[in-house]
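Notes to accompany the following structure.
The values are calculated or read from the model by the stated rules, or taken from the named source; none is laboratory data. Values in this document were obtained by computation on a predicted structure and should not be read as measured data. Here the Cβ is made from the backbone with ideal geometry for all residues, glycine too, and neighbour counts use every protein chain on show. Heads up: the accessible areas ignore ligands, DNA and RNA and are worked out on the full protein's heavy atoms, side chains in. Shrake-Rupley method; radii C 1.70, N 1.55, O 1.52, S 1.80 Å.
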Amino acid sequence: MKFLVISLVVLLAACAGEPARSSAAKGGAPAVAQPPDPVQPAPTTATAQPQAPARQAAPEAGFRDWVDGFRRQAKVSGISEATLRATLDEAQIVERVLELDRSQPEFTRSIWDYLDTAVSDTRVSTGRDRLLSHQDTARDVEARFGVRKEIITAIWGVESNYGSHYGSYKTIDALATLGYDGRRDDFARRELLAALNIIEAGDIAADRMIGSWAGAMGHTQFLPSSFVAYAVDGDGDGKRDIWGSIPDVMASTANYLARARWQRDEPWGVEVRLPPDFDYAQAELDTRKPVAQWRSLGVRTVQGNPLPQLSAASIITPAGARGPAFLVGQNFRSIMRYNNSTSYALAVAHLADRIEGQGAFVQGWPRGEAALSRTQIKAMQARLNELGYGAGAPDGLVGPNTRSALRAYQSDQGLTADGFPTQSLYRRLLPAAQG
Ligand code: CA
């Protein structure tokens, strides 16, 4: 997952000047198996890129060589000698970063487990407290950027639990370690150079530049390149401080969403009830229809209210036909630009609504279902391919191709074709498989 997301960040960073971040940058969460975006390249696995043995023999010396090489590159890019001394002279290899980068979780969480944590009652009540404590700031930021204040607060809550958990790694050390390790060389060099530029600009001192093991920094978990592009000085002290200034944190988050095409006064979406004959092949973010068309197909809000006006409206059913359904629009996609995951976006959207005082989702999740492991998903993908259903290269991640193959299989088997992988579907496909 994280390799693939990092690749996506690199890919998206090249286009359109729009933001692109990743859950990997903040150290893994959300750990829900996510559908890869169709433009994402195939994931790179840890085993596919063996390390140079010399590095294992003398990591410290190899690390210093890498840092010296990077230092020359940074000097050519215009970083001052003073900044180079303050940052790279002190840089240290962090073994834990290497361990975390190499671990690929075998087990994924179901979306309901993830949401239970991400939108817990405590997080809702803390969000209300935070919003109350910073209400003037939040109102100003909402007016300036046109982004709903509860959404800004919810991102703050999901990214760093309102600043209480944003990581304890020195960003310079973490990125230098990843760069030296070599598996993410381009990513690490680009982000490390951006980090040096931030220090050069005087926004933060090197020793206060703290964040996740994978380079995401401060309350908003911005990668250095995102910081350079989107961080904002909200309190007017001339520095952009996403580690210590809540006005800067809120303004930076709002600016990021505004630049990711946030639509003022438009909701993120709404929980809906689908008609019994609904074609679940339509439940993909890539399928966009005018709201009126969804209405004519029989889509209704769970309360029976009129569907809200949304631009680029899509239906999502994150747990298939037996879980809740949502009609989502551009603002849901803007949240996904912050972190390319439907589970993440749903957590932020729902937390915002709960902070505002709205209730829990009406439709229940299929809580009896145990999430498939990556190995199980890979085996299922291979089996679907064998049977001629075209699930794409088995990668252990459920994306649009896998869902489409599953739907075709389910349809041929006379089952509800919702494309949601379950243990019983796995057993039907692979009756001889263990576990
Ligand atoms: Ca500031």
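Of note:
- Listing of helices (runs of 4 or more DSSP H) fully contained in the stretch 336-435 that carry 1 or more residues being surrounded by fewer than 14 Cβ atoms within 10 Å (Cβ to Cβ) and either at positive phi or without any contact (Cβ under 8 Å) to a residue 12 or more places away in the chain (or both): 374-386, 400-412, 423-429
- Residue match in the stretch 331-345 (condition: touching a strand residue (DSSP E or B) at 6+ places or on another chain (Cβ under 6 Å) and hydrophobic (A, V, I, L, M, F, W, C)): yes
Per-residue answers, yes or no, for (1) out of contact with any Ser or Thr (no Cβ under 9 Å at 6 or more places or on another chain); (2) modelled with pLDDT of 95 or more:
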{"position": "A349", "(1), (2)": "yes, yes"}
{"position": "A352", "(1), (2)": "no, yes"}
{"position": "E356", "(1), (2)": "yes, yes"}
{"position": "F361", "(1), (2)": "yes, yes"}
{"position": "R374", "(1), (2)": "no, no"}
{"position": "K378", "(1), (2)": "yes, yes"}
{"position": "L384", "(1), (2)": "no, yes"}
{"position": "T402", "(1), (2)": "yes, yes"}
{"position": "Q410", "(1), (2)": "no, yes"}
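- Cβ separations smaller than 9 Å between residues 6+ apart or across chains give the following pairs from the stretch 225-252 residues that are in contact (Cβ under 8 Å) with a residue 60 or more places away in the chain and open to solvent by less than 10 Å² (accessible area, probe 1.4 Å) to residues that are among the basic types (K, R) and near the ligand (Cβ under 8 Å from one of its atoms): A251/R240.
- Restricting the stretch 163-185 to residues that are among the aromatic types (F, W, Y) and under 22 Å from the mean Cα position of the chain (by Cα), the residue that is farthest from N197 (Cα to Cα): Y166
- Each residue in the stretch 317-335 was checked for being open to solvent by 10 Å² or more (accessible area, probe 1.4 Å) and part of a strand (DSSP E or B), and 0 pass.
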